[in-house]
Amino acid sequence: MANVSQLQAVSKGLCPRCRQGAIFKYPVYELRRFDEMYKHCPHCGIRYEIEPGYFWGAMFVSYVLSAGVALVLGFLIFYGLNDPGGWTYALLICPALVLITPVNFRISRIVWLHFVSGIQYEPDKTSEF
């Protein structure tokens, strides 16, 4: 397989070490199972959850993503609807944040694995099993 850039690996949800194995088992649109991850990379075998509770840190990434979406929506509502009442903001922003939850969950974990975990890209890595 050709070398995959880190940006491509992040956008496709691939392993940070081999950039070939998937991180999540099912597509994001399978809402009952959007959060199910492989314990180990199906290609190189690296364990994704480096230590118990490792992905708690991904909540901070998730918070930043949610705040960014809320801020952008708030500006759009403010300028698009000419600063409506507070309930309008709540009734438009809260459901939007709920709707993006599966995508937000995945992005935060993928970003956490790729940029915080310290896992280095090793293109020649084969299965450890």
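Every read-out reported here was derived from the displayed coordinates using simple, explicitly stated rules and does not represent laboratory data. Predicted model, so just to flag it, every value in this text is computed and none were measured. Reconstructed Cβ throughout: ideal geometry from the backbone, glycine too, with neighbour counts over all protein chains shown.
At 0.36 nm per residue, and after removing the present C-alpha to C-alpha distance, how many nm does the segment from residue 91 to residue 121 gain when stretched out fully? Kindly include the intermediate steps, with their values, before the conclusion.
Values: separation 30, 0.36 × 30 = 10.80 nm, distance 4.32 nm.
Difference between extended and current length: 6.5 nm.
What is the angle, in °, between the Cα long axis of helix 101-115 and the longest principal axis of the Cα atoms in the chain? Nearest 10 is fine, range 0 to 90. Compared with the principal axis, the helix lies near 50 degrees. Relative contact order for the range 6-115: 27 percent, from Cα pairs under 8 Å spaced at least 6 residues apart, divided by residue count. For the range 25-38, the Karplus equation 6.51 cos²θ - 1.76 cosθ + 1.60, evaluated at θ = phi - 60°, returns couplings of 6, 10, x, 5, 6, 7, 4, 6, 9, 4, 9, 7, 10, 6 Hz by residue, with Gly and Pro reported as x. When cysteine pairs in the chain are screened for C-beta atoms closer than 4.7 angstrom, the residues that find no partner are 94. Here each label is just a point 7 Å from Cα along the line to Cβ, and for residue 70 and residue 38 those points are 3.5 nm apart. Highest mobility in the GNM of the chain, judged by mean-square fluctuation with C-alpha springs under 10 Å and restricted to 68, 80, 57, is found for 80.
Go through the range 1-100 and name the trypsin sites (Lys or Arg not before Pro) that are in a DSSP coil and have 15 or fewer other Cβ atoms within 10 Å of their Cβ. Passing both the DSSP loop test and the Cβ count: 25, 32, 33, 39.
Are there GluC sites (Glu not before Pro) in the range 1-66 that DSSP marks as loop and that have at most 11 other Cβ atoms within 10 Å, and which are they?
Details: sites: 30, 36, 49; in loops: 30, 36, 49.
Counting only loop positions with at most 11 other Cβ atoms within 10 Å, the GluC sites (Glu not before Pro) in the range 1-66 are 36.
Taking Cα centre as origin and charging only the Cβ of basic (Lys, Arg, +1) and acidic (Asp, Glu, -1) residues, the dipole magnitude of the chain rounds to 240 debye.
For the chain, the longest principal axis of the C-alpha atoms and the axis of helix 58-80 are separated by about 30°. Hey, can you grab everything whose amide H is under 5 Å from the amide H of residue 37? Only 5+ residues off in sequence or another chain; H modelled, so Pro and N-termini drop out. For residue 37, whose amide H was placed from the backbone, the distant partners under 5 Å are 25.
Seen from all sides and averaged, what is the projected area of the convex hull of the Cα atoms in the range 6-115, in nm²?
On the way: hull surface 31.5 nm².
For the range 6-115, the mean projected area of the Cα convex hull comes to 7.9 nm².
Its DSSP H runs of at least 4 residues, each contributing -39,500 (n - 2.57), put the calculated 222 nm mean residue ellipticity of the chain at -15000 deg cm²/dmol, to the nearest 500. In the chain, the longest principal axis of the Cα atoms and the axis of helix 86-99 are about 20 degrees apart.
Taking amide H as placed 1.01 Å from N in the peptide plane, residue 46 has its amide H under 5 Å from the amide H of 41, each at least 5 places away in sequence or on another chain.
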